[in-house]
Amino acid sequence: MMQVMQEAGESEAGNQFFPDATQLDLLRDDAGRLPPDALRQLRAQQGRGRPRGARNKRNEKIAKWFIAQYGDPLVALGEIMNTPVDVLYEQMILAQGGEQKGKRVTGRDAMEFRKSAILDVLPYIHGKQPIAVDFNGKADAVIFIPGLNAPAGFTHDQLRDATEKLGVEAIEAAGIRLDDGRLISAPASFEDDDQGGEDD
């Protein structure tokens, strides 16, 4: 692994963490002094780094070495996915040294192990998908607290009917707002537009 890392380091200009001594020496004046902006000059020579989305060459070399040495981990996950659940179950029992009272293996354990392999490999095949949010504008539940987000003096049924007919936004702390803009204060019924309404 050290050889791979050395080769990877040699293929890239300079050192990953510190400025290269040879490059610094090239910037020295006749008296051996570095200019005050020596580090900036070195960065300018190296360029802006790898383009966005480009793979790190060092990581790529280490990945190739790992696969050559031990095999591709995705292959192992694929083998787990394709192993029948009953075989996984038996292998799990064998791995712990047989059936034991304190460490009982179940079929569910084997299914979960297989499922975890599938979930581990999934992002490499399909990538992570954005989460879809289904927003239909209707609340699943509304909690009214009289005096806080609902007017006091209305019955539960009146508030529920007003919400179903006029929408949640019609319920205000001061009363129930009708479609025409009028505010009905308790204890008048919101259904009776002519009684108890007051203009704002």
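Values quoted throughout were computed directly from the atomic coordinates according to the rules given, and no laboratory measurement underlies them. On a predicted model such as this, the values are computed, not experimentally measured, just so you know. Positions of Cβ are backbone-derived with ideal geometry, glycine not excepted, and every protein chain shown enters the neighbour counts.
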Give me a comma-separated list of calculated 3J(HN,Hα) values for the stretch 150-158, in order, Karplus coefficients 6.51, -1.76, 1.60 applied at θ = phi - 60°, integers in Hz, x for any Gly or Pro.
8, x, 7, x, 9, 7, 4, 5, 5
Amide H to amide H under 5 Å from residue 150: which residues, 5+ apart in sequence or cross-chain, H placed 1.01 Å off N in plane?
145
Which of the peptides 96-107, 58-69 is most tightly packed, and how do the rest follow, going by the mean number of other Cβ atoms within 10 Å of each residue?
58-69, 96-107
Enumerate the lysines that residue 115 could reach by cross-link, defined here as Cα to Cα under 24 Å, with residues fewer than 8 away along the same chain left out.
103, 128
If R0 = 25 Å, then residue 95 and residue 67, at their Cβ-Cβ distance, give a FRET efficiency to the nearest 0.05 of 0.50
Just grab the label-to-label distance for residue 82 and residue 25, each label 7 Å out from Cα along the Cβ direction, in nm (one decimal).
5.6 nm
For residue 165, give me every one of the lysines with a C-alpha distance below 19 angstrom, ignoring sequence neighbours fewer than eight places off in its own chain.
138
